[in-house]
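Encoded as structure tokens, the structure appears first; notes follow it.
The values are calculated or read from the model by the stated rules, or taken from the named source; none is laboratory data. Because the structure is predicted, anything quoted here is derived from the model rather than measured. Please note: Cβ atoms are built from the backbone with ideal geometry, for glycine as well, and neighbour counts cover all protein chains shown. For the accessible areas, the whole protein counts, side chains as well, though only heavy atoms, and no ligand, DNA or RNA atoms are used. Shrake-Rupley method; radii C 1.70, N 1.55, O 1.52, S 1.80 Å.
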Amino acid sequence: MKGVDQLKQWIQESDRIVFFGGAGVSTESGIPDFRSVDGLYHQKYKYPPEMIISHSFYIKNPEEFYRFYKDRMIFPDAQPNRAHLALAKLERQGKLKAVITQNIDGLHQKAGSREVLELHGSVHRNYCTRCHKFYSLEEIMAQPGVPRCSCGGVIKPDVVLYEEGLDQGVLNRAVRYIRQADMLIVGGTSLVVYPAAGLVDDYQGNRLVLINKSVTPLDSRADLVINGSIGDALEAAVSSVITGGYDVSGSRR
């Protein structure tokens with residue numbers, strides 16, 4: 001794949017790598033994105049998906065919200081793919097300092113990544129809107145319709161809906177990591193959803209890598225653009241990285 005050799009070299013030479021990813025990171029795990037031909041925005045429902053996953057719709061029509069949410073936004077059987085696993089390996093070797101993700105599926109953590117900043121929350125965290133009691137994804141899925149707390153309150157997933165703001169603490173941490181990075185890899189995102197997409201503007205280095213199957217608005221600003229599968233690119237680039245006398249898999253050279 002064109003550009004992978006350069007990616008390998010930069011990973012080898014960098015020690016403060018940050019990865020910023022979107023829905024395209026998880027499509028290879030069978031989770032649909034929003035804007036592709038087969039994405040959620042192109043499927044037919046009584047209401048447009050972007051309306052259903054808005055805060056005002058959730059408040060007015062929680063039954064319809066949860067019907068869509070459980071059916072189309074939760075994939076409990078999904079497994080980490082090659083991109084998730086490659087990033088986890090880089091973190092174990094000390095090269096990758098953080099994963100910043102727009103995804104809510106928890107697959108980075110499932111792959112073994114520890115420092116994961118979830119800009120849009122996670123389906124694995126759910127809270128009662130009345131007493132704030134925590135509920136797991138399994139507990140939410142076990143309840144039909146709108147899940148309710150033992151206190152009677154409605155349980156809301158800890159995901160950022162349209163019309164809701166991002167968690168300022170998470171956003172500030174993401175900005176700090178990006179500003180300190182000596183390499184920023186951006187993958188699987190169309191870079192059109194703000195304010196998350198604006199984080200790229202905080203990168204101050206000269207190793208901005210974009211890995212995406214389609215063109216993004218920031219391609220012309222990138223130092224390296226790889227058009228293709230993010231799993232292919234990261235697996236190929238990470239497999240040959242050597243650090244501290246060991247390759248990235250932990251095997252002796």
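Counting only helices (runs of 4 or more DSSP H) that sit completely within segment 105-194, those holding 3 or more residues that are open to solvent by less than 40 Å² (accessible area, probe 1.4 Å) and touching a residue at least 24 places away in the same chain (Cβ under 8 Å) correspond to 107-111, 168-180.
Cβ-Cβ contacts under 9 Å between residues 6 or more apart (or on different chains), taken from a first residue in segment 45-69 that is closer than 18 Å to M141 by Cβ and part of a loop (DSSP other than H, G, I, E, B) to a second residue that is open to solvent by less than 70 Å² (accessible area, probe 1.4 Å) and of a type in the set (V, I, T), are listed as I53/V159. Residue check: is D77 out of contact with any Gly (no Cβ under 7 Å at 6 or more places or on another chain), at pLDDT below 95 and not in a loop (DSSP other than H, G, I, E, B)? It is false that D77 is out of contact with any Gly (no Cβ under 7 Å at 6 or more places or on another chain), at pLDDT below 95 and not in a loop (DSSP other than H, G, I, E, B). Taken over segment 163-219, the criterion of being at pLDDT below 95 and among the hydroxyl-bearing types (S, T, Y) is satisfied by T189, S190, Y194, S214, T216. Taken over segment 15-31, the residue count meeting the criterion of being part of a strand (DSSP E or B) and free of Cβ contacts under 8 Å to residues at least 60 places away in the same chain is 0. With respect to the stated conditions, V175 fails to be hydrophobic (A, V, I, L, M, F, W, C) and within 22 Å of S54 (Cα to Cα). On the basis of being within 17 Å of I104 (Cα to Cα) and under 22 Å from the mean Cα position of the chain (by Cα), does A181 make the cut? When the stated conditions are applied, A181 does not pass them. Within segment 206-216, track down each residue that is open to solvent by 40 Å² or more (accessible area, probe 1.4 Å) and of a type outside the set (V, I, T). Across segment 206-216, the qualifying residues are N206, R207, K213, S214.
Please pick out the residue among D201, D219 that is among the charged types (D, E, K, R), touching a strand residue (DSSP E or B) at 6+ places or on another chain (Cβ under 8 Å), free of Cβ contacts under 8 Å to residues at least 12 places away in the same chain and surrounded by fewer than 19 Cβ atoms within 10 Å (Cβ to Cβ). Of the residues listed, the single one that is among the charged types (D, E, K, R), touching a strand residue (DSSP E or B) at 6+ places or on another chain (Cβ under 8 Å), free of Cβ contacts under 8 Å to residues at least 12 places away in the same chain and surrounded by fewer than 19 Cβ atoms within 10 Å (Cβ to Cβ) is D219. Restricting attention to segment 120-127, does a residue exist that is on the phi < 0 side of the Ramachandran plot, modelled with pLDDT under 95 and of a type in the set (F, W, Y)? No; the residues of segment 120-127 include none that is on the phi < 0 side of the Ramachandran plot, modelled with pLDDT under 95 and of a type in the set (F, W, Y). Of the residues that make up segment 90-98, is at least one over 26 Å from G228 (Cα atoms), modelled with pLDDT of 95 or more, open to solvent by less than 20 Å² (accessible area, probe 1.4 Å) and assigned to a helix (DSSP H, G or I)? No, segment 90-98 has no match at all.
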